[in-house]
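Data first, discussion second: the structure below is written as structure tokens.
The values are calculated or read from the model by the stated rules, or taken from the named source; none is laboratory data. If you're wondering where the values come from, they're calculated on a predicted model, not measured in any experiment. For neighbour counting, all protein chains shown are included, and Cβ atoms are generated from backbone atoms with ideal geometry for every residue, glycine included. Accessible surface areas use protein heavy atoms only, side chains included; no ligands, DNA or RNA. Shrake-Rupley method; radii C 1.70, N 1.55, O 1.52, S 1.80 Å.
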Amino acid sequence: MQLYLIRHAETIHNVGKVLAGTTDSALTNHGMTQINCLAQHFVSNSTKFTTVFSSDLSRARITAEGVCRAQVSPAGETPLQPKLTPNLREKDYGSTEGCFWKTPPPLPRPRDWVLPETKASMRKRAKSFFDELLLPILMRDPHGRQNIAVVAHGIILQELWSYFIEIFNPADTKVAPGICDTNMTTHHTKPVWSNTGYMTILITPHPTERAMLPNVMPNFAFVVLGIDDKKHLANLHRTRGGVGTAAHDVKQRKIDQFFR
């Protein structure tokens, strides 16, 4: 299995540097262009996805739909559609949703103050996603060369990564040669994701059987092939005049449409 962990495209909350969490933040015009670049990048690299999982929040869902739409389905086959799950939602920031990233909570806190989602809650969701959706695919065809995309959010992707590090044997968990990331010097440092940046992980049966260890996936090799890959954004520039950072409107027409 080759796994692609993808963060959603840019939103108005990302641009404004405020916490979105479970808020359905609108994608920007620049974010929609990022999706098109990402989708075409996979097509040009002949990356054919067999399954695409996505958070059910709109910014992830629309990103996943863009990736699916670009995939070419053989005649007679149903076009690829993302499988939505609330387990891939971003961290719920409670009463700080919509606040600036570095805004401290008020003291004393109001009676109706809602605390952010706990790390334990997020880890439980990451585990449920893996156990219920990813693991059955892996065990059904452990030698398969299928490509699986997971489109979600920065913090929940970090929790999913942390869960992987817990369950796979450390001796069989590696970063491919030539892969360097200043944000992840060790396996236990949480990586970061840019908008539409993706991590590529190869999970294959290990040729040598190892002793069973508690809470570890036995006999599987886990190799990181890419971290926050964003080559598809190399030649992308934001539209000036505030247009790029504005919320995307599906009714908007691009200027080139007027000159056809």
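Return the residues of the range 107-161 that are assigned to a helix (DSSP H, G or I), over 17 Å from residue 96 (Cα atoms), open to solvent by 80 Å² or more (accessible area, probe 1.4 Å) and among the basic types (Lys, Arg); say none if nothing qualifies.
Selection gives 124, 127, 140.
Is one or more of the residues making up the range 54-70 more than 21 Å from residue 159 (Cα to Cα) and either assigned to a strand (DSSP E or B) or in contact with a Pro (Cβ under 7 Å, 6 or more places away or on another chain) (or both)?
Yes, the conditions are met somewhere in the range 54-70.
Taking the range 24-57 as the region of interest, how many residues are free of Cβ contacts under 8 Å to residues at least 24 places away in the same chain and either buried (at least 23 other Cβ atoms within 10 Å of the Cβ) or not polar (S, T, N, Q) (or both)?
Qualifying residue count for the region: 0.
Somewhere in the range 190-207, is a residue out of contact with any strand residue (DSSP E or B) (no Cβ under 7 Å at 6 or more places or on another chain), at pLDDT 90 or above and either open to solvent by 40 Å² or more (accessible area, probe 1.4 Å) or under 20 Å from residue 131 (Cβ atoms) (or both)?
no
Could you figure out which of (1) among the basic types (Lys, Arg); (2) open to solvent by 10 Å² or more (accessible area, probe 1.4 Å); (3) part of a helix (DSSP H, G or I) isn't true of residue 91?
(3)
Looking at (1) over 22 Å from the mean Cα position of the chain (by Cα); (2) modelled with pLDDT under 90, which is the one condition that is false for residue 180?
Looking at each condition in turn, residue 180 falls short on (1).
Among the residues of the range 94-106 satisfying the criterion of being among the hydroxyl-bearing types (Ser, Thr, Tyr) and in contact (Cβ under 8 Å) with a residue 12 or more places away in the chain, which is least open to solvent (accessible area, probe 1.4 Å)?
The selected residue is 96.
Tell me which residues, restricted to the range 1-23, are open to solvent by 30 Å² or more (accessible area, probe 1.4 Å) and within 18 Å of residue 228 (Cα to Cα).
Hits for the range 1-23 are 2, 7, 14.
Looking only at the range 63-80, filter to residues that are open to solvent by 50 Å² or more (accessible area, probe 1.4 Å) and closer than 23 Å to residue 197 by Cβ; which one of those is modelled with the highest pLDDT?
Among residues in the range 63-80 that are open to solvent by 50 Å² or more (accessible area, probe 1.4 Å) and closer than 23 Å to residue 197 by Cβ, the one modelled with the highest pLDDT is 65.
What residue, among those in the range 238-260 that are open to solvent by less than 70 Å² (accessible area, probe 1.4 Å) and over 25 Å from the mean Cα position of the chain (by Cα), is modelled with the lowest pLDDT?
257
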